[in-house]
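A quick write-up on the structure given underneath.
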Amino acid sequence: MALAAVVVIWGAYVGIKIAIAHKNEEKINARDMVKNLIIGIVIIFVIAMGAPLLINGLSAWVTA
């Protein structure tokens with residue numbers, strides 16, 4: 001829930017930066033921020049999905 005709020009707030013911030021960017025350099029920086037945001041969301045999703053599987057695997061390995 002908190003992650004979703006952070007993503008929404010950061011997405012709004014990046015959207016505003018793109019909307020008010022007047023120079024090409026500012027637009028390039030804003031696009032880079034969007035790319036970084038998407039990459040960050042994907043990495044967090046992969047970690048959130050993989051961590052329980054890794055923990056279960058390690059616990060089964062240790063108790064075996």
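No value in this document is a laboratory result; all are computed from the given coordinates. Predicted model only: the values in this text are computed from it and were never measured. Note that we place each Cβ from the backbone using ideal geometry, even for glycine, and neighbour counts take in every protein chain shown.
Structure notes:
- With K and R counted +1 and D and E -1, the other residues having a Cβ less than 14 Å from that of ALA19 yield a net charge of +3.
- Under Karplus coefficients 6.51, -1.76 and 1.60, residue-wise ³J(HN,Hα) of region 40-57 in Hz, glycine/proline x: x, 5, 5, 5, 5, 4, 4, 5, 5, 7, x, 4, x, 5, 5, 5, 5, x
- Rounded to the nearest 20, the size of the Cβ-charge dipole of region 2-63 about its Cα centre is 140 debye, with Lys and Arg at +1 and Asp and Glu at -1.
- Placing unit charges on each Cβ (+1 for Lys and Arg, -1 for Asp and Glu) gives the chain a dipole about its Cα centre, and among ILE16, GLY50, ALA4 the Cα reaching farthest toward its positive end belongs to ILE16.
- Under the combined filter of DSSP loop state and at most 15 neighbouring Cβ atoms within 10 Å, the chain retains these trypsin sites (Lys or Arg not before Pro): LYS23.
- Three-way shape call for region 1-52 based on the alpha-carbon gyration tensor, with the a/c threshold at 1.5: oblate
- Calculated mean residue ellipticity at 222 nm for the chain: -33000 deg cm²/dmol, from DSSP H runs with n ≥ 4 weighted as -39500 (n - 2.57), summed, divided by the residue count and rounded to 500.
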